[in-house]
Amino acid sequence: MEIDKAIRESDDRWLKTKYNRAIYVIQRALALYSIEEVAFSFNGGKDSTVLLHLLRAGYFLHKREQNCASEDPKDFPIRTIYFESPSAFPEINSFTYDAAANYGMQMDIIRSDFKSGLEALLKSKPIRAIFLGVRMGDPTAVGQEQFSPSSVGWPPFMRVNPILDWSYRDVWAFLLTCKVKYCSLYDQGYTSIGSIHDTVPNALLCNSNSSSSEEKFRPAYLLSDGRLERAGRINKFSSSVCGKSPALSNGLIAGDLHKNRLLTASVIAVGDEILLCTVEDQLGPSLCKKLHSIGWSVSQTTGVQNDVDSVAEVVERRSSASDLVFIYGGIGPLHSDVTLAGVAKAFAVRLAPDEEFEEYLRQVVGDYCPGDRNEMALLPEGITELLHHENLPVPLIKCKNVIVLAATNYTELQTQWDCLIELSRSSGVLAVMKPYVLRSLTTSLSDVATAKPISKLCLEFPDLHISCYRESLYGPLVVSFRGRDQARIELAAEALRKKFEPGAFAEINSS
Ligand SMILES: Cc1cc2nc3c(=O)[nH]c(=O)nc-3n(C[C@H](O)[C@H](O)[C@H](O)COP(=O)(O)O)c2cc1C
Ligand SMILES: Nc1ncnc2c1ncn2[C@@H]1O[C@H](COP(=O)(O)OP(=O)(O)OP(=O)(O)O)[C@@H](O)[C@H]1O
Ligand SMILES: [Mg+2]
C-alpha cells in the first residue's frame, strides 16, 4: 500500500509517530463499527485530503489483519459525504469530484446545511461514526477528543478525529512525503479554505519580489508559522499572534490606567523539595522584590506539593484573587512535573500539543523524547499565550493571568524577568509602574498603646499600605508606610507622630 510504504520509508520520525497514532484511531474505529456504520466527511481541503489517505491506509491495514487486503486503489468502501455549497471554490469542487473518481469513493453530495443534512442522512443510513479532518487549533476543535460524541442538539453519532493532534507542519509533511494530489489552491497561497466569500490567499506567502504587477503567492507548504494558517480567512482570523496582541487575554493594559490602582500578584512555588526544606527557595523572595520594584503588591506567596490537584486548587484561588500569578517549579517531563497539568485543571481545560512550543523544544533538546510524543509540548488548551523573546531559547508560557516561569535558580529568573519587562514595554503583558515608596518608623510603645490609633490611621489613609511588625516579642514595634505618593506617606507619618507624645517614634529607613 503506497501510503503506508512512503511513511515507513521516510526518515521523518515525528511524522511516523503522528501517522501511527492516526492509524491506531482509525483501526480502533473500524474494529468498533462495521463498514456500513462509518462515514468520511470529505470536503477536498488539505486536512480532509490527509484523512482520505490515512483512511485508505487504515482500511488496507485493517483488511490485511483479516488476510483480505487489496492493492486496488479503488477499494475504498467507506461512505463519503460532501456538503457542497454554491459558494465553494470551483477548484475545491473539481478536486473533490476527481478524488472520488480516482479512489472509487461512494460519495453522497448533500446540499443542505450540516445539521439538517446529517439528520436526514442518519435517518436513511445506519451511520454511527463519522471521520473528520478536524485539528487542534481549528475553531471547532475545542473540547474534542479523538472520539467525541456529536454535540447536544445534533443527531447522535461519534465524531472520530484521527488527526486531531496534527500540526500544520505534519499535514504538509504527510502530503509531500506521500506525494499525493491536493487541491491546486494550496499552490496559489491559500493555507486554509472556506468559501469564496471568506477566503483569500495568505498574505504571509505573498511574493513581494515578483516583477509582474499581479500578486504572486508561494505554496501553502512554505508557510513557516502554522499558527497563521487561517490568516487568509477573512473575519475569522483573530490576530492573537503570541506576545503581540494589543489587548491581552487577561485584560491587563500597561500605562496610565494603573497609576492609581494597586495591582497585586501571587507567587506560587511548586516542589516537595521546598516544603521539605531540602532546598531553600531563592526565587520567591527575589520575585517579590522584583514585583515591588515595578510597583506591584504581592498578596500571597504559597508553596505547594507536586500534586496536580493541589496545584490546581491554589492556582484557581490565586488567579481569581490577584491580578497576576507567577508560578515556578514542577515544569518538565518528570513524574513530579505537574505544574502545567495543575494550571490546565484550574481553568477546566485539558493539556493539548502545541506545535509552536514543540518546535522550540525540538530546537533545544533535539528530536529526542521519551515516549511517542513530547510531553513537554502539552500546554493548557485554548488559554495559552507564548511570550517570545530573543534571549529565551523557549518562550515563557502565560495561561490567562498565570505566568509560568521555567527558572530554577536566581540567574535564570533574572534573565526571564528582564525579558518579561522588555516584553511589557511593547505588549503590556505586565504593567510596569513607579516603584512603591517605603517609609518605616519605630517605637518602644506597647501594642496596647498603639493598636487603636494605628487602626484609625489606616482608615484615614486607605490608599496606603500600613503594616506593623516586631523583630522580637518584647522588642520595638516597626510601622511601615508603603504607597506611590511620597507626599501622602509624609502626611501619614506626620499624622501618626501627632497621635503620641513627641519623640515616641523614630525614623528607621526610607526609600
Ligand atoms: C460531519 C460533521 C459533523 C459535525 N458535528 C458537529 C457537532 O457535533 N457539533 C457541532 O457543534 N458542530 C458540528 N459540526 C459543524 C462543525 O463543527 C463546524 O461548525 C462546521 O464545520 C463549520 O465550520 P466552518 O464555519 O469553519 O466552515 C459538524 C460538521 C460536520 C461536517
Ligand atoms: N463542506 C464539507 N463537507 C464535508 N466535510 C466537511 C465540510 N467542511 C468541513 N468538513 C469536515 O471538517 C473538517 C475540518 O474542516 P477544515 O476546513 O478545518 O479542514 P480542511 O477543509 O480539510 O482543510 P483547510 O483547513 O485547509 O480548509 C474537514 O476535514 C472535513 O472532515
Ligand atoms: Mg476547509
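The values are calculated or read from the model by the stated rules, or taken from the named source; none is laboratory data. Just so it is clear, the structure is predicted and the values come from calculations on it, not from any experiment. Ideal geometry is used to build each Cβ from the backbone, glycine not excepted, and the neighbour counts take in all protein chains shown. Protein only, heavy atoms only, side chains kept; ligands, DNA and RNA dropped before computing areas. Shrake-Rupley method; radii C 1.70, N 1.55, O 1.52, S 1.80 Å.
Structure notes:
- Inside the stretch 168-205, residues that are within 26 Å of the chain's Cα centre (by Cα), hydrophobic (A, V, I, L, M, F, W, C) and away from ligand 3 (no atom under 14 Å from the Cβ) make up a count of 6.
- Residue within the stretch 114-125 that is in a helix (DSSP H, G or I) and among the polar types (S, T, N, Q) present: yes
- Of the residues making up the stretch 25-70, those that are part of a loop (DSSP other than H, G, I, E, B), in contact with a helix residue (DSSP H, G or I) (Cβ under 8 Å, 6 or more places away or on another chain) and more than 11 Å from ligand 2 (Cβ to nearest atom) are Ala69, Ser70.
- For Glu412: the one exception among (1) exposed (fewer than 14 other Cβ atoms within 10 Å of the Cβ); (2) assigned to a helix (DSSP H, G or I); (3) not hydrophobic (A, V, I, L, M, F, W, C): (1)
- Residue, most open to solvent (accessible area, probe 1.4 Å), within the stretch 111-126, restricted to residues that are near ligand 1 (Cβ under 10 Å from one of its atoms) and in contact with a strand residue (DSSP E or B) (Cβ under 9 Å, 6 or more places away or on another chain): Phe114
- Test: residue in the stretch 31-41 that is open to solvent by 60 Å² or more (accessible area, probe 1.4 Å), more than 16 Å from ligand 1 (Cβ to nearest atom) and of a type in the set (A, V, I, L, M): yes
- Among (1) within 23 Å of the chain's Cα centre (by Cα); (2) within 14 Å of ligand 3 (Cβ to nearest atom), the one test that Phe95 misses: (1)
- Residue match in the stretch 84-91 (condition: assigned to a helix (DSSP H, G or I) and assigned by TED's automatic domain parsing to the domain that holds Ala39): yes
- Remark: pairs (first residue in the stretch 437-461, without any contact (Cβ under 8 Å) to a residue 24 or more places away in the chain; second residue in a strand (DSSP E or B) and of a type in the set (A, V, I, L, M); Cβ separation under 6 Å; 6+ apart in sequence or on different chains) = Cys458/Ile466.
- Residue satisfying condition, being crowded, with 19+ Cβ neighbours inside 10 Å and under 32 Å from the mean Cα position of the chain (by Cα), within set Tyr59, Tyr24, Tyr19: Tyr19
- The residue list Lys179, Lys259 contains one member that is modelled with pLDDT of 85 or more and open to solvent by 30 Å² or more (accessible area, probe 1.4 Å), which is Lys179.
- Of the numbered criteria (1) more than 20 Å from Gly271 (Cβ to Cβ); (2) in contact (Cβ under 8 Å) with a residue 60 or more places away in the chain, the one Ser319 fails is (1).
- In the stretch 133-150, the residues that are modelled with pLDDT of 95 or more, open to solvent by 40 Å² or more (accessible area, probe 1.4 Å) and near ligand 1 (Cβ under 9 Å from one of its atoms): Pro149
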